[in-house]
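Worksheet: the structure to be examined is printed underneath.
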Amino acid sequence: MSASITAIQGFQIGHFTERRAATGCTVVVARGGATAGVDVRGAAPATRETDLLAPWATVRDVHAVLLTGGSAFGLAAASGVVDLLEEEGIGFAFGGVVVPIVPAAAIFDLAVGDASVRPGPEAGRAATRSALDAVAGAPLEEGSVGAGTGATVAKALGRDSALRGGVGCAAHAFPDGAMMGGIAVVNALGDITDPADGTTVAAPRDGRSTAEAFLDGGRGTILRQGESTTLAIVLTDVELDKSACTVVARMAHDGLARAISPCHTPLDGDVVFALSSRARRSEVPLAVLGHVGAELVARAIVRGVRRANRNAS
């Protein structure tokens, strides 16, 4: 059953896009808090506050998750998210203070636009305001927007052969009304394939696939550490604890492997978050939630890259 990711109860999503500098950020806000898990599978991640999401960590709720461009510099945008959420009274109440918990992860886009311009606190505030003002059920902009503005894919043979990456989303409603969604920021080293039919969505412009180049021992490849990352967030209104969210995040990484080849390389910083708004009790098994999460991530990857290149001038 099809659904809109922005209709999932408990979450709001917003973008900040800086087109001239080819960077930006994307925020998922959980006004009432959300249980969260994370799985960091890439070897070159840029992250903030992910240790809080371990099942054994004390803090249960997060109040937003930030996906951003700007590499490690872009993580500064999380401060703007925190500041605006505090002003809005959204966060963990402690001793008269509201403390928003905002994990974050970044992609490397500095080689695409103006490397001196990176998302900072004002960009984080703008994306958060966009999320807080978003209308439930309204379409989320996809393609070269938000954290995916400067994203690229299929770049193992050099940036001149690369195509645009971007932001994509997908959602699903179960028969009992429970909902799941996936949002992905695709900045992958590898090529993109639609697992639904095997169609190549993005491959190097010189006609040789990255897989072929790797089978040839990597001849002709340009492999720069830390420049490639796919980030994803799986959202659900099903009531899950931190351990269950971690399972969903781990299983959702399969969505990357279905749509990106190669992925999880030493050069990628792949990260998947899973968030539960706990708005609904459901009998859908955890194994099903994890599998559907992976399917949604794969669909989101394909949608993001297709829309980014469809809109390319």
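The values are calculated or read from the model by the stated rules, or taken from the named source; none is laboratory data. Predicted model only: the values in this text are computed from it and were never measured. Cβ: placed from backbone, ideal geometry, glycine included. Neighbour counts: every protein chain shown. Surface accessibility is based on the protein's heavy atoms, side chains included, excluding ligands, DNA and RNA. Shrake-Rupley method; radii C 1.70, N 1.55, O 1.52, S 1.80 Å.
Just to confirm the number: angle between the C-alpha axis of helix 121-132 and the first principal axis of the chain, 0 to 90 degrees, nearest 10?
Roughly 70 degrees between the two axes.
With +1 on each Lys and Arg Cβ and -1 on each Asp and Glu Cβ, and nothing else charged, work out how big the dipole of the stretch 150-240 is about its Cα centre, in Debye to the nearest 20.
The calculation lands at about 540 debye.
If each residue of separation counts as 0.36 nm, what is the full-extension length gain between GLN9 and ASP83 once their alpha-carbon separation is subtracted?
Separation in residues times 0.36 nm, less the Cα-Cα distance, equals 24.3 nm.
Scan around THR229 for amide H atoms under 5 Å from its own, H built in the peptide plane at 1.01 Å from N, and keep only partners 5 or more places away or cross-chain.
PHE108, ASN187, ALA188, LEU189, GLY269
If you take the alpha carbon radius of gyration of the chain and divide it by 2.2 N^0.38 Å, what ratio comes out, to two decimals?
Its radius of gyration relative to the 2.2 N^0.38 Å reference: 0.92.
How high is the relative contact order of the chain, in percent, with contacts defined as C-alpha pairs under 8 Å that are six or more residues apart?
Dividing the mean separation by the residue count of the chain yields 25 percent.
Which far-off residues, 5 or more places away or on another chain, put their amide H under 5 Å from the one on ALA64, with H placed in the peptide plane?
ALA30, ILE101
Return the carbon/sulfur percentage of the accessible area of the chain, one whole number, probe 1.4 Å, all protein chains in place.
Reported share for carbon and sulfur atoms: 51 percent.
Cα-based Rg (one decimal) and Dmax (whole number) for the stretch 105-219, in Å?
In order Rg, Dmax, the Cα atoms of the stretch 105-219 give 17.2, 51 Å.
At 7 Å along Cα-to-Cβ for each site, give me the label-to-label distance between ALA287 and ILE222 in nm.
Distance between label points: 4.6 nm.
With the cut-off at 1.5 for a/c, could you classify the stretch 1-99 from its C-alpha gyration tensor as rounded, prolate or oblate?
It comes out rounded by the Cα gyration axes.
Which one, ALA178, PRO262, ALA7, is farthest towards the positive end of the dipole of the chain when Lys and Arg carry +1 and Asp and Glu -1 on their Cβ?
The listed residue farthest towards the positive side: PRO262.
So what J values fall out for the stretch 17-22 if you push phi through Karplus, 6.51 cos²θ - 1.76 cosθ + 1.60 with θ = phi - 60°, rounded to Hz, Gly and Pro as x?
Coupling constants for the stretch 17-22: 10, 10, 6, 5, 8, 6 Hz.
Enumerate the amide H contacts of LEU240 below 5 Å, restricted to partners 5 or more residues apart or on another chain; note that Pro and chain-start residues carry no placed amide H.
HN-HN under 5 Å from LEU240: ARG278.
Taking only protein heavy atoms and a 1.4 Å probe, what accessible area per residue, in Å², does the stretch 122-244 have with all protein chains in place?
37 Å²
For the chain, build the charge dipole from Cβ charges (+1 Lys, Arg; -1 Asp, Glu) around the Cα centre, then report which of PHE273, ALA127, THR50 sits farthest towards its positive end.
Farthest towards the positive end: ALA127.
If you place +1 on the Cβ of every Lys and Arg, -1 on the Cβ of every Asp and Glu, and leave all else neutral, what size is the dipole of the stretch 37-146 about its Cα centre, to the nearest 20 Debye?
Taking the Cα centre of the stretch 37-146 as origin, the dipole is about 240 debye.
What's the center-to-center distance, using Cα atoms, between the stretch 100-170 and the stretch 186-225 in Å?
Using only Cα atoms, the two centres lie 21 Å from each other.
Can you work out the Karplus-derived ³J(HN,Hα) for every residue in the stretch 286-303? Use 6.51 cos²θ - 1.76 cosθ + 1.60 with θ = phi - 60°, whole Hz, and x for glycine or proline.
Result, rounded to whole Hz: 4, 4, 5, 4, x, 5, 5, x, 5, 4, 5, 5, 4, 5, 5, 4, 5, 4.
Pull out a ≥ b ≥ c, the square roots of the eigenvalues of the alpha-carbon gyration tensor of the stretch 175-313, then state rounded if a/c is under 1.5, prolate if not and a/b is larger than b/c, and oblate in the remaining case.
Judged from the Cα gyration tensor, the stretch 175-313 comes out prolate (a/c at least 1.5, a/b above b/c).
What list of ³J(HN,Hα) values in whole Hz, one per residue of the stretch 193-207 in order, does the Karplus curve 6.51 cos²θ - 1.76 cosθ + 1.60 (θ = phi - 60°) give from phi, with Gly and Pro shown as x?
With coefficients 6.51, -1.76 and 1.60, one gets 10, 7, x, 5, 9, x, 5, 6, 8, 8, 8, x, 5, 7, x Hz.
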